[in-house]
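Okay, so here's the structure we're looking at.
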Amino acid sequence: MSGEPGQTSVAPPPEEVEPGSGVRIMVEYCEPCGFEATYLELASAVKEQYPGIEIESRLGGTGAFEIEINGQLVFSKLENGGFPYEKDLIEAIRRASRGEPLEKITNSRPPCAIL
């Protein structure tokens, strides 16, 4: 059926709407704690999955690694004690990009400990 005269596609070409467009992420992290590397790793994974996403960072207080999506806090290291799993953040971004309600991410991987 495609290719028949008079038929048009309703989906915009991929180059017009990038996945994650309209979603804004703010990550607040503790630089003296060494969390910048974790932020950069997470930001890279998010940008790979959602090239159109807007992701920013700001320096936070001691022990902080807080993530907001469109102004809503979705993850707090201060509350959970660890860092978010990439898959959980990607799922939250997917929900936000579809206009679905966001839930707080409660799963966390433990912070790295040197013994």
Of the residues in segment 41-66, those that are of a type outside the set (Val, Ile, Thr), touching a helix residue (DSSP H, G or I) at 6+ places or on another chain (Cβ under 6 Å) and assigned to a strand (DSSP E or B) come to SER57, PHE65
Taking segment 69-103 and keeping only residues that are open to solvent by 50 Å² or more (accessible area, probe 1.4 Å) and within 17 Å of ALA43 (Cβ to Cβ), one is left with ASN70, TYR85, GLU86, LYS87, GLU91, ARG94, SER97
Exercise for the section: Please indicate, with yes or no, whether at least one residue in segment 52-64 is at pLDDT 95 or above, open to solvent by less than 60 Å² (accessible area, probe 1.4 Å) and of a type in the set (D, E, K, R). Expected result: no
Exactly one of THR106, THR8, THR38 is loosely packed, with under 14 Cβ neighbours inside 10 Å, modelled with pLDDT of 90 or more and either part of a loop (DSSP other than H, G, I, E, B) or β-branched (Val, Ile, Thr) (or both), and that residue is THR106
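The values are calculated or read from the model by the stated rules, or taken from the named source; none is laboratory data. As the structure is a computational prediction, the values presented were derived from the model and not from experiment. Ideal geometry is used to build each Cβ from the backbone, glycine not excepted, and the neighbour counts take in all protein chains shown. Ligands, DNA and RNA are stripped out before the accessible areas are found, and what is left, the full protein with its side chains, is counted by its heavy atoms. Shrake-Rupley method; radii C 1.70, N 1.55, O 1.52, S 1.80 Å.
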